[in-house]
1. Could you tell me which residue of region 239-289 is surrounded by the fewest Cβ atoms within 10 Å (Cβ to Cβ), considering only residues that are of a type in the set (A, V, I, L, M, F, W, C), in contact (Cβ under 8 Å) with a residue 60 or more places away in the chain and in a strand (DSSP E or B)?
2. In region 320-332, which residues are assigned to a helix (DSSP H, G or I) and either out of contact with any Ser or Thr (no Cβ under 6 Å at 6 or more places or on another chain) or at pLDDT below 90 (or both)?
3. Is there a residue in region 116-125 that is under 16 Å from the mean Cα position of the chain (by Cα), outside any helix (DSSP H, G or I) and closer than 30 Å to Val351 by Cα?
4. Arg177 versus (1) at positive phi; (2) touching a residue at least 12 places away in the same chain (Cβ under 8 Å): which is the lone unmet condition?
5. Hey, any hits in region 176-195 for a residue that's in a strand (DSSP E or B) and within 28 Å of Ser112 (Cα to Cα)?
6. In region 222-238, how many residues are under 38 Å from the mean Cα position of the chain (by Cα), assigned to a loop (DSSP other than H, G, I, E, B) and more than 14 Å from Lys341 (Cα to Cα)?
7. Out of region 138-150, which residues are surrounded by 15 or more Cβ atoms within 10 Å (Cβ to Cβ) and of a type in the set (D, E, K, R)?
8. Residues Lys303, Lys281: which one is of a type in the set (Lys, Arg) and within 16 Å of Phe257 (Cβ to Cβ)?
Amino acid sequence: MASIKILLKTGKVYSDNRHPVILRVLHERKQNVVTLGFNAKKEEWNKDLQRFSSIAKGYKSKNKALDVYEEKAETILADISKEGMNFCFELFISRFRDENSESSTLFVMYESYINELVERNNVSTASIYNNAFNVIKSYLKNKDVSLYSIDYKFLKSFETFLFKKGNTGGGVHHHMRSLRAVLNEAIRRKYFDTSHYPFSTQFNKTGYSLSHLKSNARPRALSGSDMKLFKNFDVEKYPHYKQAHLMFVFSYYGRGFNFTDMAKLKYCNIYDGRIIYRRSKTGKLINLNYNIHLQEIVNYFQKRNGSSEYIFPILNHIHQSEMQKMNRIKKCRAKFNLELKEMAEILKINVPITSYVARHTYATTLKRNGASVEKIAEGLSHSNLKVVKSYLENFSNEELDKTDDLL
């Protein structure tokens, strides 16, 4: 339990032989001090009462102010304990000086950041941060902590917790990036001082680094023979898999079309022999060739769902808000992945097929057929996704169209 005491700091002497009056904070045999704006000579200070003596000018009003400071400090200590928060000097000092006391805690900062994302209609991103927030709360057993409690020791302990919960290196990397983003936002809002930043930077090489958390998961791509098996799947025998089959093939021939982007794809995105749309995840404009494989699939759905503005029967006029769209897409993706898994079992394909496998297979198939590494990056694992996107999205349409012909 922390304790406080008002003292005259005689170890520091001003030019007029006065000493500063301080508030000393003790916690686990460590101390920190807060200057209170008063100073006194030794003879003006009552050591027994730790207050100004009667010979000090204006001693009554000064002592009254010290009483207020002492009461405020005691209240802050009681509040921190009542809130179930771990004590740290930075949290105490921040509250004592009334510096963003509410926003200087981890839970409040997470909630504020998530709410802001929702207000900006970044519902999908907000959902990701909300999931990460729930994991943090589980680790801390629902006890909020000061942002200043997030140090190297905290991060290593959190990392151990995540690995024990069965997370892969990539999973731990995801949670650490989320926490780092929240701290960065706190710095931008001036709720957190950069001098306490716990992550590794070019100026702090000894901080916590995420480099050792890269995922070692093998790329999830189908072999050429397995992809041929999948493309020839007997949808006449298993008609209830028709939609999942066509959407997977569409993703494959559409440069690894993301499931969310397919769900949001409209007929108006098809123009002059091109499919033009913005990635939901990055906001980047994608412009790809409306090849014969894609045309056949679109024609199939148009005949059966022609009245809808959406190509695939996932979203419709009922789904207006971003939250409604996200929930619907999440539900349909789960069904899609389940059906892909069942199809793989029927075909005796050993690779666990999910919506991401089409994207990975697109890249590795092109690599096997001679596409340059500069144009198609092999292995679309999460740890390499950023690099892959930069290659796929920065080459000209003509170059990528020619590359697609290798499929």
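The values are calculated or read from the model by the stated rules, or taken from the named source; none is laboratory data. The shown structure was predicted, so the numbers you read here are calculated from the model rather than taken from an experiment. Using ideal geometry, Cβ is built from the backbone for each residue, glycine included, and neighbour counts are taken over all protein chains shown.
1. Result: Leu288.
2. Restricting attention to region 320-332, the residues satisfying the condition of being assigned to a helix (DSSP H, G or I) are 322-332.
Listed by number, the residues that qualify are Glu322, Met323, Gln324, Lys325, Met326, Asn327, Arg328, Lys330, Lys331, Cys332.
3. The answer is no; no qualifying residue exists.
4. Checking Arg177 against (1) at positive phi; (2) touching a residue at least 12 places away in the same chain (Cβ under 8 Å), the one that fails is (1).
5. Our first condition is that a residue be in a strand (DSSP E or B); within region 176-195, this holds for none.
There is no residue in region 176-195 that is in a strand (DSSP E or B) and within 28 Å of Ser112 (Cα to Cα).
6. Adding up the residues that qualify gives 1.
7. Asp144, the sole residue that qualifies.
8. Working: Lys303 fails: within 16 Å of Phe257 (Cβ to Cβ).
Step by step, each of Lys303, Lys281 is checked, and only Lys281 is of a type in the set (Lys, Arg) and within 16 Å of Phe257 (Cβ to Cβ).
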